[in-house]
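Participant: Sharing a structure here in structure tokens format.
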Amino acid sequence: FLSGRTALVTGSTSGIGLAIARALGAAGARVAINGLGEAGQIEAAVSSVRSAGARDARYFEADLRQPGQIEQMMADINTWSPLDVLVNCAGVQHAVPLEDMPVDRWDMILAVNLSSAFHTMRLAMPGMAERGFGRVVNIASVHGLVASVNKAPYIASKFGIVGLSKAAALEYARAGDRKSGGVTVNCVCPGWVETALIEPQIEAHAAGDSREEGIRRMLAEKQPSQRTSMPEEIADAVLWLCRPQSHNLTGTSIPVDGGWTAQ
Ligand code: NAD
């Protein structure tokens, strides 16, 4: 259902973003890949998205801390093919108490997790509105809905992206129509997903015991299902939001969290 469409997934060189890029590719989209990584990792990501079925997949470099680099990336993608689907997935984490949080870390986390989405959205959404179709999916977190200790900038950035998404959903609510598919903006809010991002936290919870024990303790603390999610399962929620039938699904934040935020 995405054939003839073009998607950008930021932070798609690993983890959840890579799974989303593969899923969008499998649904027929042309996929722009972005994220940090060694040349080998980037090549592997591009070929993995191609082999998932993408009509075309290409890497677009941009350090998302730098608005100028985001602007250049968005211009390059637009020349390649105008964007129909934008998934802001790049994210960074640093878990220490508020008073020990390095000031430059605050700035960096806000820049990558929140401001980069503002920039990609402001540059992509006018074109979507003109063509009457657009899907913006921002990967927030349960931490965009509830807080935990020792993650102040991460939580501030994720609450911020939930708000940014609602504001944009309202501004673009009347773009397009049922036939063209409309322009929607939503967040997906995962609980624990098994990716590199949470390895330091698994290790901290393991406190010298096994990795499995670390995961078990993390889940016991917050996630009632006692099961982690896999990146492909988050990608599935993103895909559902991109369907034509989801044209009236906008301004929402959908938890995929095993009941975490139901408590
Ligand atoms: P990950 O570390 O595997 O992926 C993060 C991606 O962001 C990578 O591709 C990385 O290269 C990219 N990135 C980081 N800094 C960047 C920068 N300056 N410029 C460009 N790209 C940059 O982690 P993940 O778990 O796949 O995280 C993806 C998203 O999901 C994040 O926004 C994260 O907050 C969110 N999330 C993850 C979990 C989880 O449990 N793993 C839970 C909730 C939300």
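Participant: What helices in the chain pass both tests, a Cα length along the helix axis of 15 Å or more and a mean Kyte hydropathy of -0.5 or higher, using whole DSSP H runs? List each step's numbers first, then the result.
Facilitator: Working: long enough: 15-26 (17 Å, 1.51); 39-51 (18 Å, 0.31); 67-80 (20 Å, -0.46); 116-131 (23 Å, -0.09); 152-171 (28 Å, 0.80); 211-222 (17 Å, -1.36); 231-242 (17 Å, 0.78).
Long hydrophobic helices here: 15-26, 39-51, 67-80, 116-131, 152-171, 231-242.
Participant: Using a Gaussian network model of the chain whose springs link C-alpha atoms within less than 10 Å, name the residue from T184, T228, T79 with the highest mean-square fluctuation.
Facilitator: T79
Participant: Now, a different point. With an 8 Å Cα cut-off and a minimum separation of 6 or more residues, compute the relative contact order for the chain in percent.
Facilitator: 18 percent
Participant: Could you give me D for the chain, from Stokes-Einstein at 37 °C and 0.692 mPa s, where the hydrodynamic radius is the Kirkwood radius over C-alpha pairs? Units µm² s⁻¹, please. Could the numbers behind the result be given before it?
Facilitator: Details: Rh = 18.5 Å.
The diffusion coefficient I find is 178 µm²/s.
Participant: Could you work out how far the C-alpha centroid of the stretch 7-30 sits from that of the stretch 51-105, in angstrom?
Facilitator: 12 Å
Participant: When only C-alpha pairs under 8 Å and at least 6 residues apart count, what is the relative contact order of the stretch 42-97, in percent? Before the final figure, lay out each step's value.
Facilitator: Values: 20 pairs, mean separation 10.2, N = 56.
Once normalised by length, the contact order is 18 percent.
Participant: Across bins of 5 angstrom width beginning at 0, how are the C-alpha pair distances of the stretch 1-75 distributed, in whole percent?
Facilitator: 3, 20, 30, 22, 16, 7, 1
Participant: Compare G181, G40, G134 in a GNM of the chain, Cα atoms joined below 10 Å, and give the one with the largest fluctuation.
Facilitator: G40
Participant: What GluC sites (Glu not before Pro) in the stretch 43-113 are in a loop by DSSP, with at most 13 other Cβ atoms within 10 Å of the Cβ? Show your work: numbers first, answer last.
Facilitator: Values: sites: E43, E61, E71, E99; in loops: E61.
Sites meeting the loop and neighbour criteria: E61.
Participant: Further, regarding this structure: For labels at R217 and Q69 in the simple 7 Å Cα→Cβ model, what's the distance in nm?
Facilitator: Here the modelled spin labels are 3.5 nm apart.
Participant: Across 5 Å bins from 0, what is the distribution of all Cα-Cα pair distances for the stretch 211-263, in whole percents?
Facilitator: 4, 17, 21, 20, 17, 11, 6, 4, 1
Participant: Between the stretch 199-262 and the stretch 117-171, what is the separation of their alpha carbon centroids in Å?
Facilitator: Using only Cα atoms to place each centre, the spacing works out to 18 Å.
Participant: Which one, G28, G15, G208, has the greatest fluctuation when you compute a Gaussian network model over the chain with C-alpha springs under 10 angstrom?
Facilitator: Comparing G28, G15, G208 in the GNM, the peak value goes to G208.
Participant: Lys and Arg at +1, Asp and Glu at -1: add these up for the other residues within a Cβ distance under 12 Å of R58 and post the number.
Facilitator: Details: positive: R30, R50, R55; negative: E43, D56, E61, D76.
Value of the local net charge: -1.
Participant: Before rounding to the nearest 500, sum -39500 (n - 2.57) across all DSSP H runs of length at least 4 in the chain and divide by the residue total; then give [θ] at 222 nm in deg cm²/dmol.
Facilitator: Numbers: 9 runs with 115 residues, N = 263.
One gets -14000 deg cm²/dmol as the mean residue ellipticity at 222 nm.
Throughout, read-outs are computed from the coordinates displayed, never taken from laboratory work. These figures come from a predicted structure and were not determined experimentally. Here Cβ is always computed from backbone atoms with ideal geometry, including for glycine, and neighbour counts include all displayed protein chains.
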